[in-house]
Amino acid sequence: MRPVGTMRVFWGLVSVLALPVLRAQVPHWGPCSEPEVQTGFSLQQFMGRWFEIAKLPAQFEKGRCIETNFTFRTDTSIRVVSSEILKGEVRKIEGTGIVVDPKNPAKLGISYSYVLPYSPYWILSTDYVNFALVYSCTDVLRLFHVDFAWILGRTRSLPDSTIERALNVFAYNNIDVTRMTPSRQQDCDKTL
């Protein structure tokens, strides 16, 4: 009888810890996938301002006019400043990015807190001047995972054909983007 009670406590703990992560996302069984990332990735060319064009649901992004600015720091890290307009106010958060593996610079890690580990921020594809496709995944005990995916643009909108190609890249890498939604990028400059 004791093992059953222990398992209930274990699953209860997993549920409590995972609930905040899963609130807006959709979990999938099994561990995170390992999609192909941009070959020959240039971090220097990736730096700068990116606007969120579309995304999978993410509890930490609730506003509109979401954008992120990447700049080099004097050390080997990256300053990451994300902003959104929520309830009429501009909200910003600053984080730190790192290259997790110098042999594979398209696999970044980003953290917005000193107490949290770096989350994967993988660049699957980019032309540096128009679009970028980003993937992140949170693995919970290798039992299930939660995907995050973004289509980014250097401008607040992208042609439909670019978005369609982006969705195909995600699908090719077995990333379920059926719940991906367009981001709201209207009337942003009036408030920012």
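The values are calculated or read from the model by the stated rules, or taken from the named source; none is laboratory data. This is a predicted model, so every value here is computed, not measured. Methodologically, a virtual Cβ is constructed for each residue, glycine included, from the backbone with ideal geometry; neighbour enumeration extends over all protein chains shown.
Structure notes:
- If you filter segment 98-108 down to residues that are touching a Gly at 6+ places or on another chain (Cβ under 7 Å) and modelled with pLDDT of 95 or more, you find that the one that is surrounded by the fewest Cβ atoms within 10 Å (Cβ to Cβ) is Ile98.
- In this structure, Glu52 does satisfy being acidic (Asp, Glu), modelled with pLDDT of 90 or more and crowded, with 18+ Cβ neighbours inside 10 Å.
- Residue check for Pro35: in a loop (DSSP other than H, G, I, E, B) and either in contact with a Gly (Cβ under 9 Å, 6 or more places away or on another chain) or closer than 19 Å to Arg154 by Cβ (or both): no
- Scanning segment 121-148 for residues that are outside any loop (DSSP other than H, G, I, E, B) and modelled with pLDDT of 95 or more yields Tyr121, Trp122, Ile123, Leu124, Ser125, Thr126, Phe131, Ala132, Leu133, Val134, Tyr135.
- Residue that is without any contact (Cβ under 8 Å) to a residue 24 or more places away in the chain and over 17 Å from Phe41 (Cβ atoms), where the choices are Leu116, Leu158, Leu143: Leu116
- Being surrounded by 15 or more Cβ atoms within 10 Å (Cβ to Cβ), in a loop (DSSP other than H, G, I, E, B), within 15 Å of the chain's Cα centre (by Cα) and not polar (S, T, N, Q) is a property that holds for Glu61.
- When Glu164, Glu94 are screened for being modelled with pLDDT of 95 or more and not in a strand (DSSP E or B), only Glu164 passes.
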